[in-house]
Amino acid sequence: MLARVPAGWRAIVVDNGSTDGSADIARSLGATVVHEGRRGFGAACHAGLLAADAEYVCFCDCDASMDPGLLAPMAARVAAGEADLLLGRRRPQARGAWPAHARAGNIALARMLRRRTGLRLHDLGPMRVARREALLGLDLTDRRSGYPLQMVVRAADAGWRVAETDIPYLPRSGRSKVTGTWRGTWHAVRDMRRVLAEAPGAAAAPAGGASA
C-alpha cells in the first residue's frame, strides 16, 4: 500500500491497537505513525486528520482493497473546485471483494442518507478527499463506525458539494472485524443510524473556499 502512495505525499498510518507489528513495518517504510489509544474506526481516522498538516487530506483503508494511487486525481478534482468532499464509489473487481452483508448494509445506509440529506450517493466508501481545515470545522464527534457517515451528513448540512467517483474495489488482505462479519456490519449500521438521528445543523461549517 505504501509503495503505491503518490510520490511526494505524506503517508500517515494510525496504530489503533494493532498487535501484529504493522506499525513498525509502516514506520520502516517511511510512513508517519500515529498512536491512538481509543479504539474505534472514527478515533483512528480523526487522529490521522489531526496529525496531518497539508491543505488537502485523503482517507484510505490499508487492506489493499483500494489503490492509493487514485487519490491524486481525486485530490486534483477537489482542488479544481468540482467538489468539496469527494468519495470513492467502490466497484467490485472480483468475487468476494464486497461481502453480501456489507453491501446490503451500505445500500440501506445510502437510502437513509438520501432521506436525511437529499444526497443521491450510492456508496459511503472509506476513500475520500477534502480540505483539512474545512473538515476540522465540521466538529466531527463520532469515534466509532459512524465517523464516515457523520462527515457526509455534516458536510451536507453545511451546504458542501458532495460527489462520488468510481474506483475499483479488490478483495481485501486479511479479515475485517467490521465488514467481515454480520455482527460487525450490524454494529456499524447501528452506529450510523445514531448519526442519522442527529438534528440538522448540529455543525454547519462552510467548506472554507473549496471552490477556489
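FYI, it's all coordinate maths here, none of it is from the lab. In this text the structure is predicted, and so the values were computed from the model without any measurement. FYI the Cβ positions are ideal-geometry reconstructions off the backbone, even for glycines, and counts take in every protein chain you see.
Exposure proxy ranking for W9, W98, based on other Cβ atoms within 10 angstrom of each Cβ and starting from the fewest, stands as W9, W98. Of all DSSP-defined beta bridges confined to the chain, some 35% are antiparallel rather than parallel.
Peptides 38-44, 110-116 ranked from most to least packed by the mean count of surrounding Cβ atoms within 10 Å: 38-44, 110-116. A straight chain from I107 to D139 at 0.36 nm per residue would run longer than the Cα-Cα distance by 8.9 nm. Structural descriptor for the chain: relative contact order 26 percent, calculated from alpha carbon pairs under 8 angstrom and at least 6 residues apart. Of the residues A188, L29, Y169, the one whose Cα sits farthest toward the positive end of the charge dipole of the chain, with +1 on the Cβ of Lys and Arg and -1 on the Cβ of Asp and Glu, is A188.
Hydropathy first: keep DSSP H helices in the chain averaging at least 1.0 on Kyte-Doolittle, then drop any whose Cα extent along the axis falls short of 18 Å, and list what survives. Could you put the intermediate results ahead of the total?
Details: long enough: 100-117 (25 Å, -0.41); 182-196 (21 Å, -0.78).
For the chain, where a helix must reach 18 Å along its axis and average at least 1.0, there are no hits.
Give me the dipole magnitude in Debye, nearest 20, for the stretch 2-196 about the Cα centre, with unit charges on the beta carbon: positive for Lys and Arg, negative for Asp and Glu. Dipole about the Cα centre, nearest 20: 920 debye. Amide H to amide H distances under 5 Å link V14 with V34, where only residues 5 or more positions off or on other chains count and H is placed in the peptide plane. Find how many whole Å separate the alpha carbon centroid of the stretch 124-154 from the alpha carbon centroid of the stretch 78-115. With the stretch 78-115 and the stretch 124-154 each reduced to a Cα centre, they are spaced 14 Å. Within the shell of other residues whose beta carbon sits under 12 angstrom from the beta carbon of L135, the net charge comes to 0, with Lys and Arg scored +1 and Asp and Glu -1. Per-residue Karplus couplings for the stretch 8-21, computed as 6.51 cos²θ - 1.76 cosθ + 1.60 with θ equal to phi - 60°, are listed in order as x, 8, 9, 8, 10, 10, 9, 8, 10, x, 5, 10, 9, x Hz, Gly and Pro entered as x. Global dimensions of the chain from alpha-carbon coordinates: Rg and Dmax equal 16.2, 46 Å.
In this structure, H35 and A79 have a Cβ-Cβ separation that, at R0 = 35 Å, corresponds to a calculated FRET efficiency of about 0.70.
With kT/(6 pi eta Rh) evaluated at 37 °C and eta = 0.692 mPa s, and Rh the Kirkwood radius from Cα pairs, the stretch 65-125 diffuses with a coefficient of 248 µm²/s according to Stokes-Einstein.
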